[in-house]
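Here is the structure we will look at, set down as structure tokens.
The values are calculated or read from the model by the stated rules, or taken from the named source; none is laboratory data. Bear in mind the structure is a predicted one, so any value in this text is a computation, not a measurement. Heads up, the Cβs are rebuilt from the backbone with ideal geometry, glycines too, and the neighbour counts pull from every protein chain shown. Accessible surface areas use protein heavy atoms only, side chains included; no ligands, DNA or RNA. Shrake-Rupley method; radii C 1.70, N 1.55, O 1.52, S 1.80 Å.
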Amino acid sequence: MEQVKTKLSEGYTSIKLKVGAIDFRSELDLIRYIRREFSEDEVELRLDANGAFDLKEAKEKLDRMADYHIHYIEQPIRAGQWQEMARLVEDSPIRIALDEELIGINDPARQKELMNTISPKILILKPALIGGFAASDAWTAQVESIGGYRIITSALESNIGLNAIAQYAAQKP
């Protein structure tokens, strides 16, 4: 919570929390506490599960977290379960963003197949992990074709890499 308060005092208005690594009740307590202290108008809460939720429990967890006005959750179940992810996207009260799901899918036909199967509204693009800026452009076109949008971010790049990503993102609407 101290880290959250520090970031907010520095002017950040969006907080991303990793979930799925500790006891769910403790994670939910933290989310609940943040929401008690900061409204959804003050702080946008984003979650990243990194595929940590079991398919059987994912929907229940998403339902419980939805009470706290979560902007989106990244990759609630592990990558490669397209049909299951599609059902979650359809039934979830929280928007689901794909992240790890995109890694290694470089063929445009396969990208289109993934998008048509899962129909996510948000893609998290990490250029270094998905094939660079041209691949990011291709994924952007795919998600925009189904009415979604993308978020450009990084994956532990050096300062030079972060600078390149920032310049790339600055050139995009």
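Quick notes on this structure:
- Number of residues in the stretch 40-65 that are in a loop (DSSP other than H, G, I, E, B), open to solvent by less than 10 Å² (accessible area, probe 1.4 Å) and more than 13 Å from Ala79 (Cβ to Cβ): the value is 1.
- Cross-chain or 6+ apart pairs with Cβ under 7 Å, the stretch 150-172 first and more than 15 Å from Ser136 (Cα to Cα), then open to solvent by less than 70 Å² (accessible area, probe 1.4 Å) and β-branched (Val, Ile, Thr): Glu157/Ile165
- Evaluation of Gln81 against the conditions (1) open to solvent by 40 Å² or more (accessible area, probe 1.4 Å); (2) within 30 Å of Asp137 (Cβ to Cβ) shows that the sole unmet condition is (1).
- Pair list, Cβ under 6 Å, 6 or more apart: the stretch 86-108 residue buried (at least 18 other Cβ atoms within 10 Å of the Cβ), other residue modelled with pLDDT of 95 or more and of a type in the set (D, E, K, R): Ala97/Glu74; Asp99/Glu74
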